[in-house]
Amino acid sequence: MDDPPFVLDANVFITAKRDYYAFDLAPGFWQSLKYLAENGRILSIDYVKGELEKGKDQLTQWAKNDFSHAFISTDEEDVKECYREVMTWVQAQDQYSDAAKADFARGADGWLVAYAKAKGCIIVTLEAIKPGIKWRVPIPNVCQAFGLQFVNTFEMLRRLGVQWTS
């Protein structure tokens, strides 16, 4: 059985560009993302697009020119309702500092979780569960609380059967 669509966090794109899938070294990675998005296997959200556009670099250009169709609007009632649920949960957690809660509310992360919850997607993030963390609200901690699936980039690529040959 096929997995539901994967919804990508900004750190998937940013870390790939910066560390292990630089555009000049691994163009196949970026071509694969475009192909997978065109075939409905992966997507991201408008708030992630906003984060990527702050970079004004090759990744920003790629997102605008090659992946813009895959940034989905979060302006839907089911997503907004899930966002309210996610933010209510985050605000109720004594574990996180007020600054961590405010940062979570300002960024794309809450919307990413809400979109995945509303649409049944698997979140792709490089963050990990951190049970005792206070200074930030990790996406996987929120996913765990809501029973949502999350994987890293490599697990997503494996599940989708992506391989490059030279």
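As a length-normalised measure over Cα pairs under 8 Å and 6 or more apart, the relative contact order of the chain settles at 26 percent.
Between 75, 24, 103, which gets the highest mean-square fluctuation from a Gaussian network model of the chain, Cα cutoff 10 Å? Among 75, 24, 103, the largest GNM mean-square fluctuation belongs to 24.
Roughly how many debye, to the nearest 20, is the charge dipole of region 14-166 about its Cα centre, given +1 on each Lys and Arg Cβ, -1 on each Asp and Glu Cβ, and no other charges?
Working: 19 positive and 20 negative charges, 64 e Å.
In total the dipole reaches around 300 debye.
For the listed residue pairs 17/130; 34/119; 34/56; 56/117; 17/56, the alpha carbons are over 23 angstrom apart in 17/130; 56/117.
Straight Cα distances below 14 angstrom link residue 64 to the aspartates and glutamates 46, 51, 53, with same-chain residues fewer than 8 positions distant left out. Could you point to the label whose value was computed as percent of Cα pairs over 29 Å apart for the structure here, given [x] 17; [y] 12; [z] 27? Given [x] 17; [y] 12; [z] 27, the structure-derived one carries the label [x]. Annotation: per residue accessible area for region 1-159 equals 49 Å², rounded to a whole number [probe 1.4 Å, protein chains only]. Nonpolar atom fraction for region 25-83, defined as the carbon and sulfur part of the 1.4 Å probe accessible area, stands at 48 percent.
In this simple spin-label model, placing a label point 7 Å from the Cα along the Cα-to-Cβ direction at both residue 46 and residue 64 gives a separation of 1.9 nm. What is the log10 of I(q)/I(0) for region 124-166, computed with the Debye formula using one identical point scatterer on each Cα and no solvent, at q = 0.18, 0.25, 0.34 Å⁻¹? The Cα Debye sum returns log10 ratios of -0.58, -0.86, -1.16. Note on region 24-92: with charges restricted to the Cβ of Lys and Arg (+1) and Asp and Glu (-1), its dipole about the Cα centre is near 240 debye.
The values are calculated or read from the model by the stated rules, or taken from the named source; none is laboratory data. Being a predicted model, the structure only gives us computed values, none of them experimental. Note that each Cβ is placed from the backbone with ideal geometry, even for glycine, and that neighbours are counted across all protein chains shown. Remember, those area values only see protein heavy atoms, side chains included, never the ligands or the DNA or RNA. Shrake-Rupley method; radii C 1.70, N 1.55, O 1.52, S 1.80 Å.
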